[in-house]
Each structure stands twice: as structure tokens, then as C-alpha cells.
Amino acid sequence: NPLPGSYAAWVETSFPPGSHLDLAVSGMAGDPDGDGRSNFNEFALNTTPVVADVPVMNFAWSMDASLRRPALAFERPVGITGVRYELQSSTSLAAGDWETVATTPAEITTVGDVEHCVFRDEVNDDSAPTRFLRLRIYGAP
């Protein structure tokens, strides 16, 4: 049996039994619902791989003591394993200008089997005139 929270466990509950071994359907790079997001992305962001849905992800302001900081808020499954999340920032959107600013959530709220996570930038709202954020998601041992 696959480990709870693993991609393999998610495949068992997210796809019909006959498709578990068909990598075009249940493999990490598969996109059976045609929404443009891989199964790995669907797993990491708590969406359904057979329904063209949209992950819950929003820009947010996150308070750090008295400082208001830019952040991204999103959902992920409770107990997920094998996934790394990085908040990256850039001042120009140029390919080489992105830097990782957070690898752990500043805030987590758990509701049932979903974690609502907020990854916060290190700058406050007054220290950078233009700032772009993105979430990088990748597999990790």
C-alpha cells in the first residue's frame, strides 16, 4: 500500500482502478482533464485531475507584527509528502531575476483535510515599488 499523503496514494483515490497503471492518465505529467495543469500540480494544489477546475490561489497581504507583507495564499492537502513549495519574487519578470524568498508557510489554517497556506515575501509593502510573486512547486524526496 502507498504511504498516506504520497502521490501514489492520491492516484488510488483520484482515478478509476483501471487507469492507475496508465501513465498517460495517472502519471505525474498527465493531464486527463485537459486543463493545462499536470497531475503533479493537481496533487500539490488539492484539485481534481479529472475535472477542469482551478486551484485556489490568491494574492494576499500578510501581517508580520506591524508590517504588511505581500504573500500568496493557496490550498494543499493535509499531510502531503514529496512536494516542495517555494515563493519566488522578482522586480522585473525577467527569467534570471526570480529569487526564492520563502520555503515554509508563514500561516497555516487546517479545515478538514485541506491546509490553507500563506507564503509571505520578506519585503513590506513600502520597500519595493514593483514586486511580482510566483509559487514554484516541485517534487522532493
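The values are calculated or read from the model by the stated rules, or taken from the named source; none is laboratory data. Quick caveat: nothing in here was measured; it's all calculated off a predicted structure. Note: ideal-geometry Cβ built from the backbone for every residue, glycine included; neighbour counts use all protein chains shown. Surface accessibility is based on the protein's heavy atoms, side chains included, excluding ligands, DNA and RNA. Shrake-Rupley method; radii C 1.70, N 1.55, O 1.52, S 1.80 Å.
Once a ≥ b ≥ c are taken as the square roots of the eigenvalues of the Cα gyration tensor of segment 58-141, is the result rounded (a/c under 1.5), prolate (a/b larger than b/c) or oblate (a/b not larger than b/c)?
Oblate shape, in that a/c is at least 1.5 and b/c is the bigger or equal ratio.
Could you point to the residue in 56, 140, 95 farthest towards the positive end of the chain's charge dipole, with +1 and -1 charges on the Cβ of Lys/Arg and Asp/Glu respectively?
It is 95.
Debye calculation, C-alpha points only, no solvent: report log10 I(q)/I(0) for the chain at q = 0.20 Å⁻¹, in the same order as the q values.
Computed log10 I(q)/I(0) values: -1.19.
Using only Cα atoms, locate the centre of segment 51-126 and the centre of segment 1-44, then give the distance between them in Å, rounded to an integer.
Taking the Cα centre of segment 1-44 as reference, the centre of segment 51-126 is 24 Å away.
With every protein chain present, what is the per residue accessible area of the chain (1.4 Å probe, Å²)?
56
Assigning unit charges at the beta carbon (Lys, Arg +1; Asp, Glu -1) and nothing else, what dipole magnitude in debye, to the nearest 20, does segment 18-141 show about its Cα centre?
Roughly 200 debye for segment 18-141.
Report, to the nearest whole %, how much of the accessible area of segment 1-130 belongs to carbon and sulfur atoms, 1.4 Å probe, protein only.
Here carbon and sulfur together make up 55 percent of the probe-accessible area.
Per-residue HN-Hα couplings for segment 90-97, Karplus 6.51 cos²θ - 1.76 cosθ + 1.60 at θ = phi - 60°, whole Hz, x for Gly and Pro?
Here the 3J(HN,Hα) series is 8, 9, 9, 6, 5, 3, x, 9 Hz.
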